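Nothing in this text is a laboratory measurement; each read-out follows from the coordinates by a stated rule. In this text the structure is predicted, and so the values were computed from the model without any measurement. Please note: Cβ atoms are built from the backbone with ideal geometry, for glycine as well, and neighbour counts cover all protein chains shown.
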Amino acid sequence: MKILVVEDEKLLVKGIKFNLEQEGYQVITAFDGEEAVNLAHDDSIDLILLDLMLPKMDGFTACRTIRGFSNVPIIMLTAKSEDIDKILGLEYGADDYITKPFNIREVTARIKAILRRVNPTPKGDKSKVLVSGDITLDYNFRRASVGDRVVELTSKEFDLLELFLKNPGKVYTRENLLDSAWGIGYPSEERTIDVHMRRLREKIEENPAEPKYLKTKWGVGYYYKKD
Ligand code: CA
């Protein structure tokens, strides 16, 4: 597994690199946003750890630029928790974020969790799909199709959609969804779920304001209505 670490504080990079290598990951590093974007074209990278404050090109711009050509999982490092909606939102499309200062064990735990989700399918199982009504999930490409429209998904969106498709009609609270897609005890906020649900609807639904598939159960949470 290859991880690209993007951060201009060299000591921090050294610490992260050391710890990730201890965990068996191959680590490459970039110290500014432009370098990050250039390196991100390497298809063999499995995950990017991307700092927000970077020289030449900031982390937001780098994230958005990378999303323009790649669905590689991106974890943003941020000192500002109020940017969460923006980071996870449609415009930037990061998969997760970690607020500074962080514990290095937290970083490795998050990386492991995301990589487990992104690569759950054993090799050789090349054509695995899940079909539910109009929606098909493609495990190989980690994307969906709605009718004949192909929809690219981030790893988190894929996980959420999979959960819904496997359990039509079941109502999930925000807490349920956090536990399923992020892991139990994940220090996150329930509004993170709303951000992801909004984004998922924008991709899946013909009219996100009046969702046909991903419905809101007022005061409770969300459920999937199989057509
Ligand atoms: Ca920085």
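Within region 10-30, the set of residues being within 16 Å of the ligand (Cβ to nearest atom) and touching a strand residue (DSSP E or B) at 6+ places or on another chain (Cβ under 8 Å) comprises Val13, Ile16, Lys17, Thr29, Ala30. Those strands (runs of 3 or more DSSP E) of region 9-107 in which 2 or more residues are in contact with a Cys (Cβ under 8 Å, 6 or more places away or on another chain) occupy 74-78. Applying the condition of being surrounded by 15 or more Cβ atoms within 10 Å (Cβ to Cβ) and away from the ligand (no atom under 16 Å from the Cβ) to region 41-63 and asking which residue is nearest to Ala94 (Cα to Cα) yields Leu47.
For Leu4, the criteria (1) on the phi < 0 side of the Ramachandran plot; (2) away from the ligand (no atom under 16 Å from the Cβ) hold in every case but one, which is (2). The one condition from (1) over 18 Å from Asp95 (Cα atoms); (2) in a strand (DSSP E or B) that Val151 does not meet is (1).
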